[in-house]
Amino acid sequence: MTKVALLVVYNHRYDRNIPRVQEIYKSRFSHIFHVVPFYDGHVEGADVIPVYENSFYFEGYISQAYTHIKGHGFTHYFVIADDLILNPAIDENNLWDILHVGEDECFMPAKPVVLQKIGYYWRHIYKAVQYRIEQDGVEVKNVLPSRDEAIQSFVRHGLPTGPVAWKAIVNFDPRSWARTLLSIPWSRHLDYPLIACYSDCFMVTEQAVDKFCTYCGAFAATNLFVEFAIPTALVLSADKLKFEDRLALKDGSMWEHTDNRWIEPVRYSLKALYEHFPEDKLFVHPIKLSKWS
């Protein structure tokens, strides 16, 4: 018997979106929690959990929210962003059947970004090389698995932990030589194993959630960018973990102009979106509800 907690994460405080999100999912999920930074209001008929963290490290939102719902008998914690719309065919009872995921498996419906395979400059990878778990005022070394234990977890999931390519961490743009010289790191080796992944949708099982939220809290306290923190915490805590390439439905993020051509015909109507929802997508994102009727 499964019991799903749907956690809707708001990067910023958009109180007007809370009743709209509640209306979208209330017929499909029995337990909906709105995780909202610095919230002090009241919305009738909605469970809102206030959290206190920088949105760049919203893994801390999850660890704080978990303390409010821990022990309520949930078997799964399904986390989505407030500007993400799930495929309307999905509900709390058929999620596993539709995605072809086992009830004992965590998942992220996006392709992992393996740092060792990146062949282009990305400023967040440079920050990953600079990241240290030992920082002044934060004692997480004994909270996180040791570096050797973390490497073992990465190996178990078939993920590399070696050095990052120079071209991924040094900006070779000839228009900014000074910045390039200043950005050359001392080493291409990571202080702690990390992986990156789009993190606005994921599932954590009851078996993994305690460790996952502890690790998320440690990463938030040490200012690790969320798209490193959440997938890394899952790798460290989950015995079984699936990414997009093993799911039946795929990532529906729309960051390129060509990704959202289908939106114009639905004319920013949620009703029309449901009627023409891409059948092969688990979700579409971003959907700014303020623009949609």
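Couple of notes before you dig in:
- Search result, residues across the range 74-98 that are closer than 15 Å to Leu247 by Cα and surrounded by fewer than 21 Cβ atoms within 10 Å (Cβ to Cβ): Asn87, Ile90, Asn94, Trp96, Asp97, Ile98
- Residue within the range 60-71 that is outside any loop (DSSP other than H, G, I, E, B), assigned by TED's automatic domain parsing to the domain that holds Phe212, touching a strand residue (DSSP E or B) at 6+ places or on another chain (Cβ under 9 Å) and under 25 Å from Tyr274 (Cβ atoms) present: no
- Of the criteria (1) farther than 21 Å from Tyr274 by Cα; (2) within 13 Å of the chain's Cα centre (by Cα), which one Val79 fails: (1)
- Failed condition for Val101, given (1) at pLDDT below 95; (2) surrounded by fewer than 18 Cβ atoms within 10 Å (Cβ to Cβ); (3) under 30 Å from Ala5 (Cβ atoms); (4) among the aliphatic types (A, V, I, L, M): (2)
- You will find that of Phe78, Phe74, the residue that is assigned by TED's automatic domain parsing to the domain that holds Cys213, within 20 Å of Tyr215 (Cβ to Cβ), outside any loop (DSSP other than H, G, I, E, B) and of a type outside the set (Val, Ile, Thr) is Phe78 and no other.
- Options Ala168, Ala150; residue that is in a helix (DSSP H, G or I), within 11 Å of Val235 (Cα to Cα), out of contact with any Phe, Trp or Tyr (no Cβ under 6 Å at 6 or more places or on another chain) and not assigned by TED's automatic domain parsing to the domain that holds Asn223: Ala150
- Positions within the range 19-38 being touching a strand residue (DSSP E or B) at 6+ places or on another chain (Cβ under 9 Å) and touching a residue at least 40 places away in the same chain (Cβ under 8 Å), in sequence order: Val21, Ile24, Tyr25, Arg28, Phe29, Ser30, His31, His34
The values are calculated or read from the model by the stated rules, or taken from the named source; none is laboratory data. Since the structure is predicted, the reported quantities are computational estimates derived from the model, not experimental observations. Every residue, glycine as well, gets a Cβ built from its backbone with ideal geometry; the counts of neighbours run over all protein chains shown.
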